[in-house]
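Only the coordinates and a few stated rules stand behind these numbers; no lab work does. All figures in this text were calculated on a predicted structure; none of them were measured in a lab. Cβ coordinates were reconstructed from backbone atoms using ideal geometry, including for glycine residues, and neighbour counts include every protein chain displayed.
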Ligand SMILES: Cc1ncc(COP(=O)(O)O)c(C=O)c1O
């Protein structure tokens, strides 16, 4: 059968034809380039794989304990209990988080979608985002036919324009804003929530769900989890894809009010996580002390690379609370073009960074990778 090159599949929702899907590994996936080895500093992953002994332990669990012919544990009970303990331990207050406050997703991306299904789908609500931010909030909303209202951020510190955000909430009617996405720290700009942003979130009506995305919590050490009990309309999202080195396994979690969590559990797919990913997440939590010990290196490397990049006159570099740096080329006629060209040149030299949200997002890699990033950017921009 010959497939026409331009088929008209009229059963597809027309608004999806213009959807700009998320581009995984825009700089090219591992192994794409056979000529040169690429430093993949574009997706904010850990530069380090699990230690061989842990991979061995996981492989042994796969051999001894996981039955391939059986569905995974669809209730995630063991992992939820381990996450609840970890989240509780990482709080400086005496607040306790219970397993009934945890839902586990196939990456936090899945939880974002479950939240949208649980709140806004079918004309139930619009969402509010502040650009630049993590693109999946808007992409997932669009796939579900949910309107996205976008406000801006300050170019000084990337704080959300709270006046515009408040007006958007008051003025958006059909359908009203039901979910607000706050990111702590934000991607790609790297800034944690400010006191003013936190105050604004506290002032919001309980009819609005506030999603606080703490994907980079282990780096920033800033969290609002201790306040969840006072705000049943807040939910915190976290992931094992970054500091815990499990991006390949796709595990994220939500922490929130048990009633919200029950609804997220109702809307998710029954066996949303493979057995090996559930086992991997429990294993890294058991070994968290040694695995998270590399964060200190990442933080000092971030500060070192920031100094190198700040010394480039044409680059504006912002301070970061995460494992990446955000910068913009300034003083040229077309900064977007200059940044797009820089990304291509850097890639041809072996460093893949991300051009997003009107700037450059540079993940912190190993010391050798960061050294190469710094010297290649310096050489190309000066
Ligand atoms: C702010 C933010 N939230 C969520 C995610 C997605 O995490 P996961 O891998 O758990 O889907 C990312 C990934 O880059 C992110 O930057």
Roughly speaking, what is the stretch gain from residue 297 to residue 48, that is 0.36 nm per residue apart minus the C-alpha to C-alpha distance, in nm to one decimal?
88.5 nm
Please check which bits of segment 338-382 a label hung off residue 35 would reach, taking the label as a point 7 Å along Cα-to-C-beta and the cut-off as backbone N under 15 Å.
344-352
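Can you give the % of DSSP beta bridges in the chain that are antiparallel, to the nearest 5?
55 percent
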Please arrange 231, 355 by how many other C-beta atoms lie within 10 Å of their C-beta, fewest to most.
231, 355
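Percentage of Cα-Cα pair distances in segment 53-286 greater than 28 Å, rounded to whole percent?
Details: 8179 of 27261 pairs.
Cα-Cα pairs in segment 53-286 separated by more than 28 Å: 30 percent.
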Can you give the FRET efficiency to the nearest 0.05 for residue 319 and residue 203, using r as the Cβ-Cβ distance and R₀ = 22 Å?
0.25
What number, rounded to the nearest 500 deg cm²/dmol, is the helix-based mean residue ellipticity at 222 nm of the chain, given -39500 (n - 2.57) per DSSP H run of at least four residues and division by all its residues?
-11000 deg cm²/dmol
Picking from 368, 215, 311, which is most flexible by a Gaussian network model of the chain using Cα springs under 10 Å?
368
Using 7 Å Cα-to-Cβ label points, what is the residue 56/residue 336 separation (nm, one decimal)?
5.2 nm
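With a 10 Å Cβ neighbour count serving as the proxy for reagent exposure, in which order, fewest first, do 236, 151 appear?
Numbers: 236 23, 151 18.
So the residues, fewest neighbours to most, are 151, 236.
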For 173, 55, 242, ascending order of other Cβ atoms within 10 Å (fewest first) is 173, 55, 242
Name the residue, out of 118, 59, 130, whose mean-square fluctuation peaks in a Gaussian network model built on the chain with Cα pairs under 10 Å.
59
Any chance you could check the Cα centroid distance between segment 311-382 and segment 122-178 for me, in angstrom?
28 Å
